[in-house]
Amino acid sequence: MAERKNTDFDRPGGYAMPKGATQVHRQAAKAMIDADVRLYGDSVEVHQPRQIKNPAPKYQAVDPDTRVYVGDCRDVLPNLPDKGKVDLIFADPPFNWDVPYDQWHDGMPRAEYERFTFDWLDACIDALSPRGSLWVNIPDDTAAEAVLHLKRRGVTMINWCIWHFRFGQHRDSSFILSKSHVLYFVKDPDNRIWNSNEILEPSDRAAIYADPRTMAKETNKGLRVPMDVWYGQYWGRIQGNNKERRHGHHNQIPEVYLERIIRACSNEGDLVLDPFLGSGTTCTVARAIGRRSIGVEYSPVNAESAWDRVINVGMVRMDAALGRSSAIVQPRRGKREKGGTLFLAAASSGEE
């Protein structure tokens, strides 16, 4: 069947804006509530949270309010006084890959791990405010199950992003792993916190081709919201002598990753939560840019290290990736100043 050009648009420069994805996600969220979707983890009994009256944080600071609780997030989240009031949750859970975390058993039978995943996802959904957003960093082998469970809980997918890094672990038996899935879900797609202007970057149309159509826009000339594959300088895995690195922590996420999410999906003074605090990146970035935050960490040792980072070290790459082009080729010669603005493309996708 011949493709039919979309002519339902009114855009400067005469190019169309495709429609459909967000609307489809909304419809799927409604339909999945009533769908009989069965997953392997459903065979395991649901976790029953311990009753903790007025749970006390292990660490706390003010201006802005920053708290770290030590314990199992499946027990802590349902008992928080902030339940139902959290504006943004970012979760980077254990992947069940036999990583030697302090005290945590990272080698559950598959069904138990899926049930664990569903239980903490449920606790996160219940903790969110009506305008809240949930972001989940998850690997290939659990992404599909996480998406299906979130959909059957009735929350709406906004994006399925990819965090791409260049230094995956070497292997000969398959392609080298160089990504993680970044799932973005909300309770209400029509009433969510979304600050696109906080995370704009030069578009390829401007930075590479000097396309005059991108300069014909009334606002944000030559700029765009980042694409859903994230990469570039400072976006790599934290390893070696990287100045962000916290020794003794595994699979540390770069600050620029959290800064993009927190700026886009929360406002100054809003409440951000991380149920798997790890090295403390979420609370470190949230505090640096004026958000209140809560971290939950299973290991007392990791929680102490994370708190030291939050309070005594702080964010070391503030705004390092904001406004940088993610183009992977150099600007076309003779076209760099078309449209009235000179754009310098940060063509390298290298990582520190």
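The values are calculated or read from the model by the stated rules, or taken from the named source; none is laboratory data. Computed from a prediction, not measured in an experiment: that's the story for all the values here. Counting neighbours? That spans all protein chains shown, and the Cβs are built from the backbone with ideal geometry, glycine included.
For this structure, a couple of remarks:
- Of all the listed residues (D228, D274), the sole one being in contact with a Phe, Trp or Tyr (Cβ under 8 Å, 6 or more places away or on another chain), surrounded by fewer than 20 Cβ atoms within 10 Å (Cβ to Cβ) and either within 23 Å of N159 (Cβ to Cβ) or touching a residue at least 40 places away in the same chain (Cβ under 8 Å) (or both) is D228.
- Matching residues in segment 229-246 - criterion: being among the small types (G, A, S) and closer than 21 Å to L183 by Cα: G232, G236
- Scope segment 302-321; condition assigned to a helix (DSSP H, G or I) and touching a Phe, Trp or Tyr at 6+ places or on another chain (Cβ under 9 Å); matching residues: N302, A303, E304, A306, W307, V310, I311
- Segments classed as helices (runs of 4 or more DSSP H), wholly inside segment 182-301, with at least 3 members that are under 21 Å from L150 (Cβ atoms): 255-265
- Among the residues making up segment 169-202, those that are out of contact with any Phe, Trp or Tyr (no Cβ under 6 Å at 6 or more places or on another chain) and touching a residue at least 60 places away in the same chain (Cβ under 8 Å) are K187, P189, N191, R192, I193, W194, N195, S196, E198, I199, L200, E201.
For (1) crowded, with 22+ Cβ neighbours inside 10 Å; (2) β-branched (V, I, T); (3) in contact (Cβ under 8 Å) with a residue 24 or more places away in the chain, each residue gets a yes or a no:
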{"site": "R237", "(1), (2), (3)": "no, no, yes"}
{"site": "R246", "(1), (2), (3)": "no, no, yes"}
{"site": "H249", "(1), (2), (3)": "no, no, yes"}
{"site": "S266", "(1), (2), (3)": "yes, no, yes"}
{"site": "G280", "(1), (2), (3)": "yes, no, yes"}
{"site": "V285", "(1), (2), (3)": "yes, yes, yes"}
{"site": "A288", "(1), (2), (3)": "no, no, yes"}
{"site": "P300", "(1), (2), (3)": "no, no, yes"}
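- Some residue of segment 36-47 being of a type in the set (F, W, Y), within 23 Å of F185 (Cα to Cα), touching a helix residue (DSSP H, G or I) at 6+ places or on another chain (Cβ under 7 Å) and modelled with pLDDT of 95 or more: yes
- Subset of segment 174-224 that is within 21 Å of I138 (Cβ to Cβ) and among the hydrophobic types (A, V, I, L, M, F, W, C) - its residue that is surrounded by the most Cβ atoms within 10 Å (Cβ to Cβ): F185
- Of everything in segment 70-83 that is in contact (Cβ under 8 Å) with a residue 40 or more places away in the chain and over 21 Å from I261 (Cβ atoms), the residue that is surrounded by the fewest Cβ atoms within 10 Å (Cβ to Cβ) is K83.
Okay, residues lined up against (1) of a type in the set (S, T, N, Q); (2) part of a loop (DSSP other than H, G, I, E, B):
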{"position": "Y69", "(1), (2)": "no, no"}
{"position": "L88", "(1), (2)": "no, no"}
{"position": "W97", "(1), (2)": "no, yes"}
{"position": "E112", "(1), (2)": "no, no"}
{"position": "R115", "(1), (2)": "no, no"}
{"position": "T142", "(1), (2)": "yes, no"}
{"position": "L148", "(1), (2)": "no, no"}
{"position": "W160", "(1), (2)": "no, no"}
{"position": "R166", "(1), (2)": "no, yes"}
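- Sole residue being surrounded by fewer than 20 Cβ atoms within 10 Å (Cβ to Cβ), farther than 26 Å from G107 by Cβ and either touching a strand residue (DSSP E or B) at 6+ places or on another chain (Cβ under 8 Å) or free of Cβ contacts under 8 Å to residues at least 24 places away in the same chain (or both), chosen from V37, V62, V86: V62
- From the options R309, R246, residue that is farther than 30 Å from V329 by Cβ and at pLDDT 95 or above: R309
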